[in-house]
Amino acid sequence: MSSQVLARKWRPRSFSTLVGQDHVVRALSHALDTQRLHHAYLFTGTRGVGKTTIARIVAKALNCEKGVSSTPCGVCTACTEVDSGRYPDYIEMDAASNRGVAEMTQILDAAVYAPSAGRYKVYVIDEVHMLTNTAFNAMLKTLEEPPGHIIFILATTDPQKVPVTVLSRCLQFSLKNMPQPAIVDHAAHVLEQENIPFDKAALQLIARCANGSMRDALSLLDQAIAYGGGQVQRESVAQMLGAIDSHDLYNLLGNVLAGKTAELIAQADAMQANGVALDNVLADFSTLIHRVALAQVIDPSDDGQFESQQLVTLASQAAPTALQALYQIAIFGQRDLPLAPDPLSGFTMCLLRMVAFLPAGPVNAAPASNKPVSNVAAAASPKVAQALLAPTLAPSATLKVSPFPSASAQVVKPLPIAPPVAPVDVIAPVDVTTTEVNVPPIEITPSVESKPSASLGFDGDWPKLAAAIPLSGVARQLATTSEMLSIQGDAFEIRVALKILAEAANVTRLRDALSEHFGRPVRLNVVVGAVQGQTADSVRKIYQEKRLKEANAALEADPVVQSMIKEFGASIVPGSVKTQE
């Protein structure tokens, strides 16, 4: 007699042996033990997660000769015949091949008759979303009010295609994808029972390729046993699946961080020669970068001795900004690999791009402090870095360069990959001296010629003074949008364009702030009219335009930017470089 495939031989036959669906098992077990049964259930989930398996267990639990419970005996006639698919009151229907109204009508006509052997007739309709609209409509009334001896169990991988009129008549359970540890543990148990040698690393590869499906995992396990000659070892499984060895993956990341392009090209050629799937390598590479980034903030001790040691080593060598850049390049490279002339050239260019866009300078040191590190300055030439980071006496400014496509369209195009860029803050501190004084009422006097006030120690630079005064709201607008007309002793006269700014409350706040700044009472006269001279706002605008022009010029002249423009046809989008207070 021929052997049975593992997916069928090790199909769970009770709730206690079901893997990975504890939330469904708990609900169904309570319902069966308390006899609170629903007449229609809907199981949703991807392939191979246990939808029809649970349906069979429910059918056995309902018709077991020992009574209705969540623990069918598994040895009586009803249990064994349900397992073998020969029980007369257990009907499985594949809606993909029986999707018409005629087939549905035939089932519903037979449903009115009492069970011939058990307590309940259990109808399982697999891939129920494949039924036609007329078939759905035909079953609605029976699905809503079936005879007491009927239990409907519907299963689907695409619940969005099931009409809401059907969904509302069913008790729905969403089955989860199998977690990789659960697949590894179950596969290990199967192999131990089958007396087949294996190593855990091979099972981890199979679990990753199964994508949450236990049936797929057991099918791959059958293939691995045949490929490995009766044993399941990591080397043979990796060769069978076209996967890369973890040691090679760590070496790959180490060579990227070290900028060893010759070694990277040799590794890529070796992978191609060994039949490794290069798109899977990029996927695994992205996962490794993610784990290294996590190792910089949490303890990776749960990954095994070798894994933990390698993760800690790489985490100490790579700056967080470098890992972010590599991660973006890897996932974009995997997406664009089908567009390359051939997989090897696309993979090789992705590795070289990682080296090219690593931040310049040492990457094996984390930032010395909690202050943000500018990727723009790190990746640019010293001249540009000096232009971007040099302190000035102007208000605070932030230079932002967005290297990725986004809704704001502030990007470097058409290059889709570049290191993430953090803002560069240039801040000039302003000293403010405050003193509490009593100030006399406001006096409005005729305008006179503006002169510096020696008694106050004021040099006559009103825009600078207005920017330094600690005000907010409308009073600050009055200070920063006004021009100086004159000053005589401790009496100021300014002009503002908007009458609303010259209201008494705003003038009082500005006068009080001036008095606190100079440490003595001052008088303030306000004139409403067209502003013709310099204001704090106009001076700040001129400064920002000058800084923006300098930043644009520095970026355009930078060798890195010029290389991006020349090699990738990139361009700096007008308006994408901004200054911000």
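The values are calculated or read from the model by the stated rules, or taken from the named source; none is laboratory data. As the structure is a computational prediction, the values presented were derived from the model and not from experiment. As a convention, Cβ positions derive from the backbone with ideal geometry for all residues, glycine included, and neighbour counts pool all protein chains shown. When the accessible area is computed, the model is the full protein with side chains, heavy atoms only, and any ligands, DNA or RNA have been set aside. Shrake-Rupley method; radii C 1.70, N 1.55, O 1.52, S 1.80 Å.
So the values come out like this:
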{"item": "The stretch 73-96, subset open to solvent by 20 Å² or more (accessible area, probe 1.4 Å) and part of a loop (DSSP other than H, G, I, E, B), residue farthest from Ala207 (Cα to Cα)", "result": "Pro88"}
{"item": "Cβ pairs under 8 Å, 6+ apart, first in the stretch 208-232 and closer than 13 Å to Leu191 by Cα, second charged (D, E, K, R)", "result": "Val232/Asp199"}
{"item": "Those residues of the stretch 526-541 which are part of a helix (DSSP H, G or I) and surrounded by 16 or more Cβ atoms within 10 Å (Cβ to Cβ), in sequence order", "result": "Ala536, Asp537, Val539, Arg540"}
{"item": "The stretch 476-492 - residue that is assigned to a strand (DSSP E or B) and without any contact (Cβ under 8 Å) to a residue 40 or more places away in the chain and, of those, nearest to the chain's Cα centre (by Cα)", "result": "Phe492"}
{"item": "Any hit, the stretch 492-499, residues being modelled with pLDDT of 90 or more, at negative phi and of a type outside the set (A, V, I, L, M, F, W, C)", "result": "yes"}
{"item": "Close pairs (8 angstrom Cβ cut-off, 6 or more residues apart or separate chains): in contact (Cβ under 8 Å) with a residue 40 or more places away in the chain in the stretch 269-286, assigned to a helix (DSSP H, G or I) and of a type in the set (Gly, Ala, Ser) anywhere", "result": "Leu278/Ala268; Leu278/Gly346; Leu282/Ala330; Leu282/Gly333; Phe285/Ala330; Ser286/Ala330"}
{"item": "Identity of the residue in the stretch 148-175, open to solvent by 40 Å² or more (accessible area, probe 1.4 Å) and closer than 25 Å to Cys79 by Cβ, that ends up modelled with the lowest pLDDT", "result": "Gly148"}
{"item": "Residue in the stretch 18-41 that is farthest from Ser70 (Cα to Cα), counting only those that are touching a strand residue (DSSP E or B) at 6+ places or on another chain (Cβ under 6 Å) and of a type outside the set (Ser, Thr, Tyr)", "result": "Ala40"}
{"item": "Qualifying residues in the stretch 20-53 (those that are touching an Asp or Glu at 6+ places or on another chain (Cβ under 9 Å) and surrounded by fewer than 17 Cβ atoms within 10 Å (Cβ to Cβ)) - the one nearest to Pro181 (Cα to Cα)", "result": "Arg47"}
{"item": "Residues within the stretch 275-301 that are more than 14 Å from Ile329 (Cβ to Cβ), of a type in the set (S, T, N, Q) and under 20 Å from the mean Cα position of the chain (by Cα), tallied", "result": "3"}
{"item": "Where Asp89 falls short, out of the listed (1) touching a Gly at 6+ places or on another chain (Cβ under 7 Å); (2) of a type in the set (Asp, Glu); (3) farther than 22 Å from Ser29 by Cβ", "result": "(3)"}
{"item": "Residue match in the stretch 319-338 (condition: acidic (Asp, Glu), in a loop (DSSP other than H, G, I, E, B) and modelled with pLDDT of 85 or more)", "result": "no"}
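Here's the yes/no breakdown for (1) assigned to a strand (DSSP E or B); (2) surrounded by 20 or more Cβ atoms within 10 Å (Cβ to Cβ); (3) hydrophobic (A, V, I, L, M, F, W, C):
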{"position": "Val474", "(1), (2), (3)": "no, no, yes"}
{"position": "Ile494", "(1), (2), (3)": "yes, yes, yes"}
{"position": "Val507", "(1), (2), (3)": "no, yes, yes"}
{"position": "His517", "(1), (2), (3)": "no, no, no"}
{"position": "Leu524", "(1), (2), (3)": "yes, yes, yes"}
{"position": "Tyr543", "(1), (2), (3)": "no, no, no"}
{"position": "Asn552", "(1), (2), (3)": "no, no, no"}
{"position": "Glu556", "(1), (2), (3)": "no, no, no"}
{"position": "Ser576", "(1), (2), (3)": "no, no, no"}
